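Colleague: One structure is given below, represented as structure tokens, and several questions about it will come after.
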Amino acid sequence: MDSEHISSDIKKVTDYLEEKKIKYIHGPIGTSIQGEWDEIMPIVQECHRMVVEGHSRVLTNIIIDDHKDSELDIEDAMALS
């Protein structure tokens, strides 16, 4: 427990997101996911649990961009930034 390196944890989370068929993009300091609230929140909780399992402290930041007037896809949004 408590290795500073979390690459194996990120791999587990990525595999889980693939299994759940969730749209996601890895960035340099985080992962962005896209979906409906009721679908995404339990998945976010499970992703956090998967990482916490191997560490004594994990910080998970959640930013919600609820854009009702746009049909912008996650890939499109990342291309604009």
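Every number in this text was worked out from the coordinates using simple rules, so none of it is lab data. Please read all numbers here as calculations on a predicted model, not as lab measurements. Every residue, glycine among them, receives a Cβ derived from its backbone with ideal geometry; neighbour counts consider all protein chains shown.
Colleague: For region 68-74, just list the computed ³J(HN,Hα) in residue order, Karplus coefficients 6.51, -1.76 and 1.60, θ = phi - 60°, integers in Hz, with x standing in for Gly and Pro.
Modeller: Couplings: 6, 8, 9, 9, 4, 7, 4 Hz.
Colleague: Can you list the HN-Hα couplings for region 35-40, worked out from phi with the Karplus curve (6.51, -1.76, 1.60; θ = phi - 60°), rounded to whole Hz and with x for Gly and Pro?
Modeller: x, 7, 3, 5, 7, 7
Colleague: Could you calculate the contour length gain from Ser56 to Asp69, that is, 0.36 nm times the residue separation minus the distance between their Cα atoms, to one decimal place in nm? Intermediate values should be presented prior to the final figure.
Modeller: Working: separation 13, 0.36 × 13 = 4.68 nm, distance 4.06 nm.
Using 0.36 nm per residue and subtracting the Cα-Cα distance, I get 0.6 nm.
Colleague: Determine the principal axes of the Cα atoms in the chain, then give the extent along each, sorted from largest to smallest and rounded to whole angstroms.
Modeller: If we take the Cα atoms of the chain, the spans are 44, 26, 21 Å.
Colleague: Quick one: Karplus J couplings for region 7-23, per residue in order, coefficients 6.51, -1.76, 1.60, θ = phi - 60°, nearest Hz, x for Gly and Pro?
Modeller: Along region 7-23, the couplings run 4, 5, 5, 4, 4, 4, 5, 4, 4, 5, 5, 4, 4, 7, 6, 9, 6 Hz.
Colleague: Separate question: Could you work out the relative contact order of the chain? I mean the mean sequence separation of Cα pairs under 8 Å and 6+ apart, divided by the number of residues, in percent.
Modeller: Values: 46 pairs, mean separation 29.3, N = 81.
It rounds to 36 percent for the chain.
Colleague: Given a 10 angstrom Cα cut-off, can you work out which residue in Ile29, Ile40, Ile64 is the most mobile in a GNM of the chain?
Modeller: Evaluated over the chain, the most mobile residue of the options is Ile29.
Colleague: Something else about it: For a quick check of your reading of the filter: which GluC sites (Glu not before Pro) in region 43-75 sit in a DSSP loop and have no more than 15 other Cβ atoms within 10 Å? Can you show the working numbers first?
Modeller: On the way: sites: Glu46, Glu53, Glu71, Glu75; in loops: Glu53, Glu71.
Sparse-neighbourhood loop GluC sites (Glu not before Pro): Glu53, Glu71.
Colleague: Which one, Ile62, Ile43, Ser8, projects farthest toward the positive side of the charge dipole computed for the chain from Cβ point charges (K/R +1, D/E -1)?
Modeller: Ser8
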